[in-house]
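Colleague: Can you read through this structure? Questions will come right after.
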Amino acid sequence: MDLTLSVVGCGYLGATHAACMSSLGYTVVGVDTDPEKVAQLQSGSLPFYEPGLETLLAQEVKSGRLSFTTDFAAVAKTDVHFVCVGTPQSKDGLAADLTYVKSAVAAIAPYLKKGSLVVGKSTVPVGTAQSLRGELVKIAPQSDLAWNPEFLREGFAIKDTLTPNRLVVGVANDLAEETLKKVYKPILDLGTPWIRADLPTSELVKVAANSFLATKISFINAMAEVCEAAGGDVTVLAQAIGYDPRIGNKFLQAGIGFGGGCLPKDIRAFMARAEELGAKQALEFLREIDAINLRARLRVIDVVRDELSKELTGYKIAVLGATFKPDSDDVRDSPALDIAAQLNAAGSHVVVHDPKGIEPARKRFPNLEYAESINDAVKGSDLVLHLTEWKEYRQIDPNEIAALVKNKVIIDGRNMLDRDLWRKAGWKFRALGRTD
Ligand code: UGA
């Protein structure tokens with residue numbers, strides 16, 4: 001591989017990208033301002049959980065192709081620079097905070113060698129790439145900037161990086177496209193679709209994709225609300241409409257809705273940007289998507305009240321799941337943890353279990369009680385809530401834990417448990433969007 005790469009920002013996206021690119025045979029240097037993170041990554045250990053990634057990282061560091069540093073001057077030796085820093089929701093509104101992206105590009109600009117290509121991967125409001133490119137060429141006139149949105153899902157990060165369902169590049173000229181085609185050749189050779197777009201379209205593709213996914217989830221959760229009102233069953237409804245290939249059966253899992261570091265903040269930032277562009281009305285529907293999503297969290301609390309009492313003080317509630325989805329330790333905007341915290345604030349004694357997310361959850365909500373085992377979590381509980389669909393929870397034997405709880409009542413917030421199995425074991429089983 002004659003090209004060498006740098007990855008600026010070594011959080012979830014950056015660490016994954018760096019390890020995967022190294023596994024393709026590239027020499028990669030990861031740069032991050034956090035010395036602790038850099039030291040940890042350099043020792044081959046991951047600061048977060050992602051299936052298979054720690055093994056890959058350790059293997060690549062050991063191979064000598066992958067290294068990490070806090071020194072931005074390290075990018076001087078490399079040809080292509082992937083910017084993978086975060087763009088969180090700003091503290092004072094819906095818009096994305098671009099501080100890290102801007103400072104990352106500014107930090108590497110003085111070191112860029114002739115012909116360098118800076119490639120943004122962070123999710124940014126449309127227009128950001130063009131303006132960053134303008135700034136960059138002022139400092140480093142013989143370099144260029146492209147955008148290459150990332151579509152990886154947590155829990156499937158390696159697979160989605162090395163065998164993505166498409167590669168999208170936003171470029172201002174043929175040379176930038178050629179460079180990126182060279183970088184991604186091993187992936188393109190697998191037959192991966194390649195989409196060349198202009199800079200603004202590439203930024204829009206990313207937020208449009210996440211908005212569509214969020215819309216699909218909120219659509220099915222809206223149907224769940226109607227099913228509850230009409231005496232229907234949303235799981236049957238989802239299955240039935242999903243057979244239509246124009247609709248498809250993915251992302252129609254009704255429950256407590258979406259969370260995480262991407263979908264919620266991306267739809268909000270998209271609305272904020274559309275308003276700045278004078279296209280507010282076009283994305284008004286996303287406000288409703290957001291509202292339906294947040295309402296799902298309240299609806300599950302309503303079911304809890306319905307089962308226990310209006311006043312929630314004095315009950316012991318076991319919460320199974322803290323992360324925003326299974327196979328991740330990410331608790332950012334996690335619906336499960338939000339519900340647990342709300343029940344706790346309402347006066348219940350909430351005990352949370354999660355296979356991977358207890359430590360990050362404890363950092364965010366130190367007031368909640370955490371249990372290391374499912375049995376400890378459910379012991380003496382008045383009600384069990386299933387809020388993140390970890391495989392472990394589908395393997396629970398309802399007969400076994402029946403002996404531990406005070407009341408055999410379970411609410412499935414993800415519509416993933418086997419209702420008949422739980423009922424056979426004598427449990428009262430309730431779920432969102434199912435009246436039976
Ligand atoms: C999402 C997108 O799926 C990725 O394509 C994108 O690259 C990523 O954001 C990003 O922007 O970086 P991720 O945040 O890992 O990926 O999570 P998803 O798998 O999309 O799930 C998001 C949330 O929706 C989870 O809380 C999940 O429980 C919920 N969900 C998902 C449902 O409630 N129902 C469903 O049918 C599917």
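Colleague: Quick one: putting +1 on the C-beta of Lys and Arg, -1 on the C-beta of Asp and Glu, what dipole do you get for segment 4-197 around its Cα centre, in Debye to the nearest 20? Show your work: numbers first, answer last.
Modeller: Details: 18 positive and 19 negative charges, 85 e Å.
Charge dipole of segment 4-197: 400 debye, to the nearest 20.
Colleague: How compact and how long is segment 297-431, expressed as Rg and Dmax of its alpha-carbon atoms in Å?
Modeller: Here Rg and the maximum Cα pair distance are 13.2, 38 Å.
Colleague: Could you work out how far helix 284-307 tilts from the main Cα principal axis of the chain, as a 0 to 90 degree angle to the nearest 10?
Modeller: Helix 284-307 sits roughly 30 degrees off the main axis of the chain.
Colleague: Give the separation of the Cα centroids, segment 240-269 to segment 17-65, in Å.
Modeller: Centre-to-centre distance over Cα atoms comes out at 31 Å.
Colleague: If you look at just the Cα atoms of segment 207-290, how large are its Rg and its Dmax in Å?
Modeller: In order Rg, Dmax, the Cα atoms of segment 207-290 give 14.1, 43 Å.
Colleague: Next question, about the same structure. Using Cα-Cα distances under 8 Å and only pairs 6 or more residues apart, what relative contact order does the chain have, in percent?
Modeller: 12 percent
Colleague: Using Cα pairs closer than 8 Å and at least 6 residues apart in sequence, work out the relative contact order for segment 297-431, in percent.
Modeller: Normalised by residue count, the contact order of segment 297-431 is 24 percent.
Colleague: Then there is this: Given C-alpha coordinates of segment 4-197, what is the ratio Rg to Rh with the Kirkwood estimate of Rh?
Modeller: 0.93
Colleague: Something else about it: Among 118, 405, 31, whose mean-square fluctuation peaks in a Gaussian network model of the chain (Cα, cutoff 10 Å)?
Modeller: 405
Colleague: If I stretch the segment between residue 392 and residue 424 completely, what's the gain in nm (0.36 nm per residue apart, minus their alpha carbon distance), one decimal?
Modeller: 9.6 nm
Colleague: Still on this model: Would you pull out the residues with amide H under 5 Å of residue 119's amide H, same chain only if 5 or more places away, H placed 1.01 Å from N?
Modeller: 81, 82, 83, 146
Colleague: Could you tell me how far the Cα centroid of segment 408-430 sits from the Cα centroid of segment 346-373, in Å?
Modeller: 22 Å
Colleague: Rg over Rh of segment 259-327, using C-alpha atoms and the Kirkwood radius, what does it come to? Could the numbers behind the result be given before it?
Modeller: Working: Rg = 16.9 Å, Rh = 14.7 Å.
Rg divided by Rh gives 1.15.
Colleague: Now for a separate question. Ignoring any ligand, DNA or RNA, what whole percent of the accessible area of segment 4-197 comes from carbon and sulfur when the probe is 1.4 angstrom?
Modeller: 55 percent
Colleague: Considering only protein heavy atoms, what per residue accessible area in square angstrom results for the chain with a 1.4 angstrom probe?
Modeller: 43 Å²
Colleague: Can you tally the net charge around residue 155? Count Lys and Arg as +1, Asp and Glu as -1, for every other residue whose Cβ sits under 15 Å from the Cβ of residue 155.
Modeller: Spelling it out: positives minus negatives among the neighbours equals -3.
Colleague: In terms of modelled amide H atoms, which long-range or inter-chain residues lie less than 5 Å from the amide H of residue 319?
Modeller: Here the answer is 351, 352, 353, 385, since their amide H atoms fall under 5 Å of that of residue 319.
Colleague: Okay, moving on. Highest GNM mean-square fluctuation, the chain, Cα pairs closer than 10 Å: which of 46, 421, 180?
Modeller: Highest fluctuation among the options: 421.
Colleague: For a quick size check, give me the Cα extents of the chain along its three principal axes, largest first, whole Å.
Modeller: Taking the Cα atoms of the chain, the three principal extents are 70, 48, 42 Å.
Colleague: May I pose another question? Under the definition of Cα pairs under 8 Å and six or more residues apart, what whole-number percent is the relative contact order of segment 4-197?
Modeller: In percent, rounded to a whole number, it is 18.
Colleague: I'd like the orientation of helix 53-63 relative to the chain: the angle between its Cα long axis and the longest Cα principal axis, in ° from 0 to 90, rounded to 10.
Modeller: For 53-63 against the chain, the angle is about 30 degrees.
Colleague: With a 10 Å cut-off between alpha carbons and a GNM built on the chain, which of 177, 311, 369 moves the most?
Modeller: 311
Colleague: OK, next. Run through segment 171-247 and list the trypsin sites (Lys or Arg not before Pro) located in a DSSP loop whose Cβ has at most 14 other Cβ atoms within 10 Å.
Modeller: 246
The values are calculated or read from the model by the stated rules, or taken from the named source; none is laboratory data. This one's a predicted model, so the numbers in the text were calculated from it and none came from an experiment. Cβ: placed from backbone, ideal geometry, glycine included. Neighbour counts: every protein chain shown. Keep in mind that these areas ignore ligands, DNA and RNA; they rest on the heavy atoms of the full protein, side chains included. Shrake-Rupley method; radii C 1.70, N 1.55, O 1.52, S 1.80 Å.
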